[in-house]
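The values are calculated or read from the model by the stated rules, or taken from the named source; none is laboratory data. All values reported here derive from a predicted model rather than from experimental measurement. Every residue, glycine as well, gets a Cβ built from its backbone with ideal geometry; the counts of neighbours run over all protein chains shown. The area values use the complete protein model at the heavy-atom level, side chains included, leaving out ligands, DNA and RNA. Shrake-Rupley method; radii C 1.70, N 1.55, O 1.52, S 1.80 Å.
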Amino acid sequence: MIKQVKIGELRIGMYVHKLEASWIDHPFLRNQFKIKQISDISKIRKSAIKVVYIDTDKGLDIEQQPAVEQSAATVQAETVADRKTISSDPQNSLQEEIVKANQVRLEAGRVITDIMADARLGKQIETERVTPVVEDMLASIFRNQDAFLGLTRIRQMDQYTFEHSVSVSALMIAFAKKLQLDQSTIWELGVGGILHDVGKLQVPEKILNKPGRLTDQEFDVMRGHVGFGYKLIDEAESIPKRAQQVILQHHERLNGTGYPGRLSGEEISLYGKMAAIVDVYDAITSDRVYHKGKLPSLVLRQLVEWSDEGDFDAELVQRFIQCVGIYPVGSLVVLESQRLAVVVASPQKALLNPVLKVIYDLRKQRLIPPEVLDLTDPVAGSRDRIVKPVTPDEYSINIEDYLSH
């Protein structure tokens, strides 16, 4: 069956029957082809093409959703026809990728800052600006996840709203990669992550940054940011469905206590459940005007407790922990040898034994020449172990210095 679809509804696995444009106005050699990679969709978005027709007999239909959306428990068991299994092996070393990752992170920050400035004025979102920066984030995370996620630990308190948006986008991409979702879906979740809080710029600043507890009336206003954001993205036709689910459902809770729809259980999409976990994790680990960020390991423990209480999907929480690690890249830890070390890699098969860069002697109270210590190594790992995580502020240590060298 031939169907007309919106550009934002295209995804890997669909078969393009016709592009509503002359052949000189689009970047493809043929008018008919199967979408095999995210770059195919990107080319269509960047071209003058406004209408696409798909053939559902030769590819995926618009209504078809991956089986993982029905239940988080099927993430490992189900094999979706159009899913592209993604290797978790990094293609670049941390040092090779960190410079590129930082450039992408800064550009993403500039884009979301501009978009939110428009949102404050009630202007329509220029979604075409989001597309390339999320693609660059996805590419960087696929090359070396540790580099980009390590940089998300380096934050400025007064830039929380913007940096939180970039971090949520990066974490959604890494989380979706861990679940082995197809690249088109991963890109859409990255878009949803970077735009998930766009409605907050229509919340009065005195409420947004209030140092004390919000009154019931103020909290009602704060909860309105989801509706504000959804209205803004609903007017932008090119925002894909899964991105919309992230924006609309990231404050919903499995037990029905969330907002704005008080959805529960399977009423919440897989992507909404993922976004709820990511949003809370990043928010609580970040310093804010009225809140000192907690250590990631403590927040991960809280997420497990909250999943036991029914707030979050327990299996997805476990998969998220596997994604970021017990000691995420960029964490500072105390070793049994009375030294400080920065986590520079978090092997997913050895969450309690990351790769470290030892940098400080606590007995002598001084910096020491950096030394790589791989706790997964049977010999090196037997000589030392992590005692506890600490905050870099306690020792005036700039984590970025040790990630990039």
Can you give me the accessible area per residue for the range 178-250, using a 1.4 Å probe, in Å²? 40
Full-extension gain between Phe28 and His291, please, as 0.36 nm times their residue separation minus the C-alpha to C-alpha distance. 89.6 nm
On a 0 to 90 degree scale, rounded to 10, what angle separates helix 270-285 from the longest Cα axis of the chain? 30
If you consider only alpha-carbon coordinates, what radius of gyration and Dmax does the chain have, in Å? 21.8, 74
Below 8 Å, C-alpha to C-alpha, sequence gap of six or more: please give me the relative contact order for the range 132-262 in percent. 22
Using only the alpha carbons, work out the radius of gyration and Dmax of the range 243-356 in angstrom. 15.6, 51
What is the Å³ per residue value for the convex hull set by the Cα atoms of the range 218-277? 69
Could you give the Stokes-Einstein D for the range 89-132 in µm² per second, using the C-alpha Kirkwood radius, 20 °C, 1.002 mPa s? 177
Heavy atoms only, probe 1.4 Å: what % of the accessible area of the chain goes to carbon and sulfur, would you let me know? 49
Choice from Lys123, Lys364, Lys34 with maximal GNM fluctuation in the chain (Cα, 10 Å cutoff): Lys364
If you fit an axis through the alpha-carbon atoms of helix 160-178 and take the longest principal axis of the Cα set of the chain, what angle between them do you get, 0 to 90°, nearest 10? 80
Before rounding to the nearest 500, sum -39500 (n - 2.57) across all DSSP H runs of length at least 4 in the chain and divide by the residue total; then give [θ] at 222 nm in deg cm²/dmol. -13500 deg cm²/dmol
Quotient of Cα Rg and 2.2 N^0.38 Å for the range 298-356, N being how many residues it contains: 1.25
Evaluate the relative contact order of the range 305-384 (contact order divided by residue number), counting alpha-carbon pairs under 8 angstrom at least 6 apart; express in whole percent. 20
Which residue, Tyr259, Tyr395, Tyr271, tops the fluctuation ranking in a GNM of the chain built on C-alpha contacts under 10 Å? Tyr395
Given springs between every Cα pair under 10 Å in a Gaussian network model of the chain, which of Pro132, Pro211, Pro389 has the largest fluctuation? Pro211
Using only the Cα atoms, work out Rg/Rh for the range 147-305, with Rh taken as the Kirkwood radius, to two decimals. 0.94
Of the candidates Ser42, Thr152, Ser184, the farthest towards the positive dipole end of the chain (Lys/Arg Cβ +1, Asp/Glu Cβ -1, centred on the Cα centre) is Thr152
Please compute the contact order of the chain in relative form: average sequence separation of alpha-carbon pairs under 8 Å and at least six residues apart, divided by the residue count, as a percent. 13
Under a plain spin-label model, where a point goes 7 Å from the Cα along Cα-to-Cβ, how far apart in nm are Arg213 and Leu352? 3.8
Longest principal axis of the chain (C-alpha) makes with the long axis of helix 183-195 (C-alpha) an angle, in degrees to the nearest 10, of 70
